[in-house]
Amino acid sequence: MSRQAVILGLAVMVAVLLIIASELNFYAASEASHNNALVAERQTRIYDVQRLLLDAETGQRGYMLTGDPSYLQPYTQAVTEVEASLNSLRALVVSNGRMTSEFSVLSRAISRKLAELELTIQLRQSGAEHEPWQTVMETGLGRQYMNAVRAASDALLKSASQDLTRQTTKLQQSLQASRLSFLISALFCLLAFGLYLRGSTKLHEASQKRAQDLLHEKAKLEGLVALRTAELERLANHLINVQERERERLARELHDELGSLLTAAKFDVARVKSRLPAEPPDLHERLSHLTNTLNAGIAIKRKIIEDLRPSSLSNLGLPAALEILVQEFRANTQLTVETSVDALELDDGQQLGVYRLVQEAFTNIAKHAHATRVQVLVKNYRNHIEVVVSDDGVGFDAGQTKNASHGLSGMRQRMHALQGRLELNSAPGHGTTIKAILPLGLSAAADVSPPLST
């Protein structure tokens, strides 16, 4: 026990030392990398100032030689941007006393150069007979001021290069320290591995016993998981049934109560309108507007009822109901929708399941797909039907759990309740395809109420 305690103490001490060394090296490397980025930014700003000053001088010379005002455009733009570049450079060197003084020299040299450029341009614009601007240019002041700018810029660049050299040296030292820490870690791991091999026999025996216990516990847990999964499936099917019954109840309430109220109100307006005199006309216009509003409310009521419980399923059958759904989707989204629906003989639950699948797929396409073309296929095979809804939209990564929406989960559960299965195929930029395979000749697990007539 004492030897193990000593080894454990040494291991903890070495681990702590390695962690501290690793953190110190990391912070040193991070600081050096940050400083290198600052140095690179300083150099970039210095080069920007030089470039802008050259652009200004080029525009000035072009205007001096030709008198064409279009040459002043690059001059004006460069002069405007020089001040911003100098401010950025000042913010980068303010923490360095030596570079701050060098920046002051550069700033004064640039101010003199810009003043010389502005003076010559003003003289050229004045149109004096003796061309005093030529006299100013022949003095050589512009070249002197530009040489002063280059000298100050070179001094700043030299200081930046020296800082870069220092930071690179620090970074190399940090990397060397990290390399040494890695070697120590490797040696320590080899030592620990040797100790592990010595005790592997006892650990193996203990692990075998533990494995047997785990197998026993696993069997018990798998039984519980299977039981809970079955319960959850029954609950999900029950929730689907409850949802459909609630939709049916809401549709019936809307049809019986709201529909009666709207219709009665419409008849009352018509009765009042028929008994009113021809004057005033604005009252008749208001009653006509009220009638149109009631008609719109009745149409909205019918649409809501159809969304809650499509009567076309029981009155016209699944192919016709899907065609109506496609027409409404096409009118609302202005998308190109291609359909191919075979003749089908399905019970009420299967028809409603297929209808809800296509309806939910249309909802997802309208919200997320950004598609231009949609295809709906319903194929009737000998022992099963196949429902495919595909689009050419943006798609998504079907393998990512976070992309799984409640709508897809609901479609999958509804197909499972009908003893079918749902397949999803999608990739970013390649659209989405939803395929449902539903067996024929089997009783569905979901208890679905018959559609409501409106």
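Side notes on the structure shown:
- Residue check for G349: closer than 23 Å to G407 by Cα and out of contact with any Lys or Arg (no Cβ under 9 Å at 6 or more places or on another chain): yes
- Residue satisfying condition, being of a type in the set (A, V, I, L, M), part of a helix (DSSP H, G or I) and modelled with pLDDT of 85 or more, within set V376, V394, V326: V326
- Of all the residues in region 182-201, those that are outside any helix (DSSP H, G or I) and either closer than 29 Å to L24 by Cα or at pLDDT 70 or above (or both) number 0.
- Complete set of residues in region 329-340 that are surrounded by 15 or more Cβ atoms within 10 Å (Cβ to Cβ) and part of a helix (DSSP H, G or I): F329, R330, T333
- Index of the failed condition, L287 passing every other in (1) over 30 Å from D392 (Cα atoms); (2) free of Cβ contacts under 8 Å to residues at least 24 places away in the same chain; (3) open to solvent by 40 Å² or more (accessible area, probe 1.4 Å): (3)
- Neighbours by Cβ (under 8 Å, 6+ apart or cross-chain): first from region 103-127, more than 15 Å from T76 (Cα to Cα); second part of a helix (DSSP H, G or I) and open to solvent by 70 Å² or more (accessible area, probe 1.4 Å): F103/R90; S107/R90
- Among the residues making up region 342-394, those that are closer than 26 Å to L440 by Cα, open to solvent by 40 Å² or more (accessible area, probe 1.4 Å) and either out of contact with any strand residue (DSSP E or B) (no Cβ under 6 Å at 6 or more places or on another chain) or touching a residue at least 60 places away in the same chain (Cβ under 8 Å) (or both) are A343, E345, D347, D348, E360, N380, Y381, R382, N383.
- Within region 56-72, the set of residues being within 13 Å of T120 (Cβ to Cβ), among the hydroxyl-bearing types (S, T, Y) and open to solvent by 60 Å² or more (accessible area, probe 1.4 Å) comprises just one member, Y71.
- R252 being in a helix (DSSP H, G or I), basic (K, R) and modelled with pLDDT of 75 or more: no
- Condition met for A371 (modelled with pLDDT under 90 and more than 19 Å from V341 (Cβ to Cβ)): no
- Residues that are assigned to a helix (DSSP H, G or I), touching a Ser or Thr at 6+ places or on another chain (Cβ under 8 Å) and among the small types (G, A, S), drawn from region 310-323: S314, A320, A321
The values are calculated or read from the model by the stated rules, or taken from the named source; none is laboratory data. Note that the structure is predicted; figures quoted are calculated from it, not measured. Every residue, glycine as well, gets a Cβ built from its backbone with ideal geometry; the counts of neighbours run over all protein chains shown. Remember, those area values only see protein heavy atoms, side chains included, never the ligands or the DNA or RNA. Shrake-Rupley method; radii C 1.70, N 1.55, O 1.52, S 1.80 Å.
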